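Okay, so here's the structure we're looking at.
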Amino acid sequence: MTAPAAVLATVLATTAVGSSVLLWFAPTFGQLRRGYDALTGSTIALLALGAWAAFSGPMTSLEGTELAAQGELARSLLLALAGVTVVAVLARALRAPGAVVRLLGAAATLTGLASFLPLATIRAERGGVGGLTQGVVELGLGAVLMGGIWVGLILGHWYLVERRLSNRYMVWIAWTNVAAIGAGLGSVLLSWRSPAPCEGLPRGGEFEQCSMLFSPVLQIGSMSVILGLGVLSLLALIAGFNVKLAREGGRSIQASTGMFYLAVILAPAVEFAAKVRFF
């Protein structure tokens, strides 16, 4: 479970869950054209499928242990998140009542959130600092960070489709992005309590195998935390620009969308830096 694939899968899972919350429970629901829900929902389903697939390899290391069932449960819940999201998107496309669509979206979101529990359980049973509670909190903070930035990018692009759309939705996602930076800060700082990759392993075959999986830079003390905080400072600067640009509206919305492009590139680096210490 310490393989880079597990880190990638965790980041994909948090992005899918965070985006699902913002798709079905945000003020944009029912106010934009159905294509927005279809586009965002499709990316959520793909992210969840990616997490499900990426976890397949790392979960094999749990075979023969009591944690194997937890690993399979987490993967099953992520697969269910993808499936129910597709159903919700189809219901929206077929003009189902908004209450029905939102109910399906809520079911998908709750399924995704439920996947955090077995993942945090695996971490806790493997000696993770802070036990089950810190594991769930770290995953939740990661979901806020990645979901806020991913949905912001898609929403910014949607203004090219609905050019007369009020800028209030962009202002909302800009402030959501500010909250996401705070969540990212919490995620990185909490990860500081956990050991760096390969730390504590006895010199020999196991340590050498781990060293081949991760960059030597990440194995230097608190380097992953320093990298995460450094990139997060750039995201904070972008978030400030986004609030200003979103308030201006008009052509500034396109500039704000460009800022979200940068954020989407940088945010995964923050989450990778935090989640590299997760398991």
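Which of rounded, prolate, oblate describes region 42-195, given a ≥ b ≥ c as roots of the alpha-carbon gyration tensor eigenvalues and a/c under 1.5 marking rounded, otherwise prolate only if a/b is larger than b/c? Here region 42-195 falls in the oblate category. Calculated [222 nm] ellipticity per residue, helices only, for the chain: -26500 deg cm²/dmol; basis is -39500 (n - 2.57) per DSSP H run with n ≥ 4, divided by all residues, nearest 500. Hydrophobic, long helices, defined as DSSP H runs whose alpha-carbon span along the helix axis is 18 Å or greater and whose mean Kyte-Doolittle value is at least -0.5, occur in the chain at 4-25, 34-54, 68-93, 98-125, 131-158, 168-191, 223-248, 252-275. Annotation for region 241-279 versus region 126-156: alpha-carbon center distance of 16 Å. From most to least packed by mean Cβ count within 10 Å, the peptides 9-17, 93-101 give 9-17, 93-101.
Highest mean first, how do 54-61, 270-277 rank when packing is the count of other Cβ atoms within 10 Å averaged over residues?
270-277, 54-61
Using alpha carbon centroids, what distance separates region 18-69 and region 171-194, in Å? Their Cα centres are 19 Å away from one another.
Note on region 1-132: Cα Rg divided by 2.2 N^0.38 Å, N the number of residues, gives 1.12. Please state the shape class of the chain: rounded when a/c is under 1.5, otherwise prolate if a/b exceeds b/c and oblate if not, all from the C-alpha gyration tensor. Oblate shape, in that a/c is at least 1.5 and b/c is the bigger or equal ratio.
Between rounded, prolate and oblate, where does region 124-191 land on the alpha carbon gyration tensor, with a ≥ b ≥ c its root eigenvalues, rounded for a/c under 1.5, else prolate if a/b exceeds b/c? Prolate shape, in that a/c is at least 1.5 and a/b is the bigger ratio.
What does the highest-first list of 127-133, 236-242 look like by mean Cβ count within 10 Å?
236-242, 127-133
None of the figures in this text is laboratory data; all of them are computed from the coordinates on show. As the structure is a computational prediction, the values presented were derived from the model and not from experiment. Note that we place each Cβ from the backbone using ideal geometry, even for glycine, and neighbour counts take in every protein chain shown.
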